[in-house]
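Worksheet: the structure to be examined is printed underneath.
The values are calculated or read from the model by the stated rules, or taken from the named source; none is laboratory data. Values in this document were obtained by computation on a predicted structure and should not be read as measured data. Here the Cβ positions follow ideal geometry from the backbone for every residue, glycine too, while neighbour counts run over all protein chains shown. Quick note on the areas: whole protein, heavy atoms, side chains included, nothing else; ligands and nucleic acids left out. Shrake-Rupley method; radii C 1.70, N 1.55, O 1.52, S 1.80 Å.
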Amino acid sequence: MLGASDLTGATVGGLRVDYGRIAPKVRLLLGLSYFHSRFDQQAITRFERRLDSIVNPAIHDSINLGRISLSDIIGDVDFQFVLPQGHGITAYLGRA
């Protein structure tokens, strides 16, 4: 779940692979996900004003940061304990 007040235009993608059982009661899942978004112009302008007040409060400087983006790549490994089960049902306990 993504939620942010100063970001716009998020690109999100992910891949999750079930490697299968690596022990009688343990399954392995591998994951990779990606996130990319830009800060909106209002947030950038607010940041430029804060920088201007720190650099030299007596003189107004022209600060132009351009685009600022935020991105992340996440890799994960998940081990799941397979619970005793009936035919056709796979119950497991794990943490992502």
Working only within the range 35-61, note down all residues that are of a type in the set (S, T, N, Q) and in contact (Cβ under 8 Å) with a residue 24 or more places away in the chain.
Ser37, Gln42
(1) modelled with pLDDT under 90; (2) in contact with a strand residue (DSSP E or B) (Cβ under 6 Å, 6 or more places away or on another chain); (3) open to solvent by less than 100 Å² (accessible area, probe 1.4 Å): which one isn't true of Leu93, the others all being true?
(3)
Residue hits (the range 1-12; of a type in the set (Ser, Thr, Tyr) and part of a strand (DSSP E or B)) are Thr8, Thr11
Among the candidates Gly13, Gly86, single out the residue that is at pLDDT below 90 and not polar (S, T, N, Q).
Gly86
For the range 9-49: of the residues being within 21 Å of Ile63 (Cβ to Cβ) and not hydrophobic (A, V, I, L, M, F, W, C), which is most open to solvent (accessible area, probe 1.4 Å)?
Arg49
Criterion (assigned to a strand (DSSP E or B), closer than 22 Å to Gln80 by Cα and in contact (Cβ under 8 Å) with a residue 40 or more places away in the chain) met by exactly one of Leu32, Leu15
Leu32
